[in-house]
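The values are calculated or read from the model by the stated rules, or taken from the named source; none is laboratory data. Note that the structure is a prediction, hence the values are computed from the model and not measured. With ideal geometry, Cβ positions are generated from the backbone for all residues, glycine too; neighbour counts draw on all protein chains shown.
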Amino acid sequence: MDSQIADLLGLLALETLEVNLFRGESRDIGSPQVFGGQVLGQALNAASRTVSGRMVHSLHAYFLRRGDFKAPIIYQVDRSRDGGSFSNRRVIAIQHGEQIFNMTCSFQVEESGLEHQVFMPEVPGPEGLADTSRVAPELLQRLPERVRLLLETARPFEFRAVGPLDARPVPGHAPSRQVWFRAVAKVPDDQNLQRCLLAYVSDFNLLETATLAHGISHLSGKAQVASIDHAMWFHRPLRVDEWLLYDVDSPSASGARGFARANVYARDGTLVASTAQEGLVRVVN
C-alpha cells in the first residue's frame, strides 16, 4: 500500500479508550492549525464505529478552536437516537479540556425511492491536466514560507484543476472552480471508510474559492482563511480512489465570511455527494 494512503488510514483509524470515547493523533500538513478535513474524517469515523447496518447520509459540523498538532484529540460520541430507519450521533472533539469541534451526523438503513440529480458540468477529463498538488518551482519561490510548506508536503490525494492554479488571480474572476481528485492508491472497499476519506479531502479547494472574485489567493499569504462550519450530504455510493469532480462555487462573501458550496461527481456523471462551508475570510495587509 502507498505510504501516504497507509498513513492517512492509520490517522483515521482512532484508538478506542472506552465505550463512545476515542483518541486520534494529528499531522502537520503545513496549515496554520490542525487540518479541518482531518478532524471531520476522524469524527465521522468515531460516529460510524457506534452504528451498525446503517450508512452516513449527512453531517453538520462546527470548528470552534484551533487544533494543536502536538496533543491528541479526544472524540466523545453521544448516541442521540436509534430509530427504525435512522440513527443520529453527536460528536464532540476535545483538546486541553476544551471543545475544538462538534458535529451531528445522521445514518440510514439502505432504502430505494425516487431518483433524480443535476447534470455534471461539461469539463475536460483529468487526463492531460496538470497535477496541481505539485506546484511549479518558480511559483513556489514567490510564496510565503508557510504556504510553501503546505504545498510541498506530500499528500494522499492528487488534484487536477480545470484551469491554472494562480497565486495572483485577476479581480472579477468568477468565484467558481472545478477540480478532479482521487486517492494516490487503492483504498479498502468499505463504504463507511470511503465516506470518511471524502470528508477528509472535501476541505481542500472549497473555502478559498470565495476569494477568487476579489483578486486574492490563499496561496499569496494575503488572506486569512479558516473554516467555521462544514456540511456534507452523501447521495450515492462512491470511491475516492477513482476520479471525482469537485464542482465548487461561492455565491456570497460578506461580514469577513465567505460561503462556498460544491457537488461531487463520479467520472460517469453520477452525483455522489454535496457539501457547503462558511468560513472566516480576512484580507491581511
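Of note:
- Hits in segment 230-285 (condition: under 20 Å from residue 62 (Cβ atoms) and of a type in the set (Asp, Glu)): 278
- Residues of segment 1-36 classified as part of a helix (DSSP H, G or I) and over 15 Å from residue 197 (Cβ atoms), total: 1
- When residue 39 is tested against (1) in a strand (DSSP E or B); (2) under 20 Å from the mean Cα position of the chain (by Cα), only condition (1) is not met.
- Every pair of residues 6+ apart whose Cβ atoms lie under 7 Å, when the first sits in segment 104-128 and is part of a loop (DSSP other than H, G, I, E, B) while the second is aromatic (Phe, Trp, Tyr): 120/265; 126/180; 126/243
- Condition met for residue 239 (basic (Lys, Arg) and either under 20 Å from residue 66 (Cα atoms) or surrounded by fewer than 17 Cβ atoms within 10 Å (Cβ to Cβ) (or both)): no
Rundown of residues vs (1) in contact with a helix residue (DSSP H, G or I) (Cβ under 9 Å, 6 or more places away or on another chain); (2) at pLDDT below 90; (3) over 28 Å from residue 8 (Cα atoms); (4) outside any loop (DSSP other than H, G, I, E, B), yes/no style:
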residue	(1), (2), (3), (4)
165	yes, yes, no, no
172	yes, yes, yes, no
240	yes, no, no, no
247	no, no, no, yes
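- Under the condition of being assigned to a strand (DSSP E or B) and either at positive phi or in contact with a Leu (Cβ under 6 Å, 6 or more places away or on another chain) (or both), the residues counted in segment 76-100 number 3.
- Qualifying residue in segment 76-98 (condition: surrounded by 15 or more Cβ atoms within 10 Å (Cβ to Cβ), within 19 Å of residue 196 (Cα to Cα) and in contact with a Gly (Cβ under 7 Å, 6 or more places away or on another chain)): no
- Residue list for segment 186-216, filter: within 24 Å of residue 52 (Cα to Cα), hydrophobic (A, V, I, L, M, F, W, C) and surrounded by fewer than 20 Cβ atoms within 10 Å (Cβ to Cβ): 193
- Residue match in segment 63-79 (condition: at pLDDT 95 or above, within 20 Å of the chain's Cα centre (by Cα) and among the small types (Gly, Ala, Ser)): no
- Of all residues in segment 53-73, those that are buried (at least 17 other Cβ atoms within 10 Å of the Cβ) have Cβ atoms under 6 Å from Cβ atoms of residues that are in a loop (DSSP other than H, G, I, E, B), 6 or more apart or on another chain, in 54/109; 67/33; 67/34.
- Residue pairs meeting the criteria (Cβ under 6 Å; at least 6 apart or on separate chains; first more than 23 Å from residue 161 (Cα to Cα), in segment 225-254; second among the charged types (D, E, K, R) and buried (at least 17 other Cβ atoms within 10 Å of the Cβ)): 228/278; 229/278
- Residue count for segment 43-52 under the criterion of being crowded, with 16+ Cβ neighbours inside 10 Å and not in a helix (DSSP H, G or I): the result is 3.
- Residues that are among the acidic types (Asp, Glu) and in contact with a Pro (Cβ under 9 Å, 6 or more places away or on another chain), drawn from segment 1-19: 2, 7, 15
- Candidate set: segment 196-236, residues that are more than 21 Å from residue 8 (Cα to Cα) and part of a loop (DSSP other than H, G, I, E, B); chosen: the one modelled with the lowest pLDDT: 221
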